[in-house]
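Engineer: Before I ask anything, here is the structure I am working with.
The values are calculated or read from the model by the stated rules, or taken from the named source; none is laboratory data. Note that the structure is predicted; figures quoted are calculated from it, not measured. A quick note on method: Cβ atoms are made from the backbone with ideal geometry, for glycine too, and the neighbour counts reach across all protein chains shown. Just so you know, the surface numbers come from the protein's heavy atoms only, side chains and all, with ligands and any DNA or RNA stripped out. Shrake-Rupley method; radii C 1.70, N 1.55, O 1.52, S 1.80 Å.
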Amino acid sequence: QVQLGESGGGWVQPGGSLRLSCAASGSTRSFYAMGWYRQAPGEQRESVAIMNRRGSTNYTNSVRGRFTVSRDNAKNEVYLQMNSLKDEDTAVYYCYAKTYDPKDYWGQGTQVTVSS
């Protein structure tokens, strides 16, 4: 059974940076897509950054140019480098992975708080 474990969340001042990491365990299957969603209080969960196995990426407009998603296919790991963070980036960030079946998997979430 696939499990996704996130790390790297925390508190940062506006303009700061954080790096999130996510590792998949419990399976040797390959993932077609890996990336990150987020959910702010009172809001719906939204896609932030997704990368497919070939390296193509998709970013939500509000983070383009500030966030960078990357992945290590051999390790089944995905990362999110977040720069120039803003108050509105505050949310719980969820690691996401989709297999070729297809089937979706989610991490437990890690809190990112941006405030002065």
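Engineer: Go through segment 6-50 and count every residue that is open to solvent by 70 Å² or more (accessible area, probe 1.4 Å), free of Cβ contacts under 8 Å to residues at least 60 places away in the same chain and over 14 Å from residue 91 (Cβ atoms).
Structural biologist: Count: 1.
Conditions (1) surrounded by fewer than 15 Cβ atoms within 10 Å (Cβ to Cβ); (2) within 14 Å of the chain's Cα centre (by Cα); (3) at pLDDT 95 or above; (4) part of a strand (DSSP E or B), marked per residue:
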| position | (1), (2), (3), (4) |
| --- | --- |
| 68 | no, yes, yes, yes |
| 71 | no, yes, yes, yes |
| 78 | no, yes, yes, yes |
| 88 | yes, no, yes, no |
| 93 | no, yes, yes, yes |
| 101 | yes, no, no, no |
| 108 | yes, yes, yes, no |
| 112 | no, yes, yes, yes |
| 116 | yes, no, no, no |
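Engineer: Could you list, ordered by first residue, the pairs with Cβ atoms under 6 Å in which the first is in segment 95-116 and on the phi > 0 side of the Ramachandran plot and the second is part of a strand (DSSP E or B), at least 6 apart or interchain?
Structural biologist: 109/92; 109/94
Engineer: Report yes if some residue within segment 20-29 is polar (S, T, N, Q), at pLDDT below 95, in a loop (DSSP other than H, G, I, E, B) and over 18 Å from residue 112 (Cα atoms); otherwise report no.
Structural biologist: Yes, segment 20-29 contains a residue that is polar (S, T, N, Q), at pLDDT below 95, in a loop (DSSP other than H, G, I, E, B) and over 18 Å from residue 112 (Cα atoms).
Engineer: Taking residue 55 as the residue in question, decide whether it is farther than 19 Å from residue 111 by Cβ, without any contact (Cβ under 8 Å) to a residue 12 or more places away in the chain and either open to solvent by 40 Å² or more (accessible area, probe 1.4 Å) or outside any strand (DSSP E or B) (or both).
Structural biologist: So residue 55 passes the test.
Engineer: Among the residues in segment 67-84, are any in contact with a Gly (Cβ under 7 Å, 6 or more places away or on another chain) and under 22 Å from residue 1 (Cα atoms)?
Structural biologist: Yes, there is a match, as at least one residue in segment 67-84 is in contact with a Gly (Cβ under 7 Å, 6 or more places away or on another chain) and under 22 Å from residue 1 (Cα atoms).
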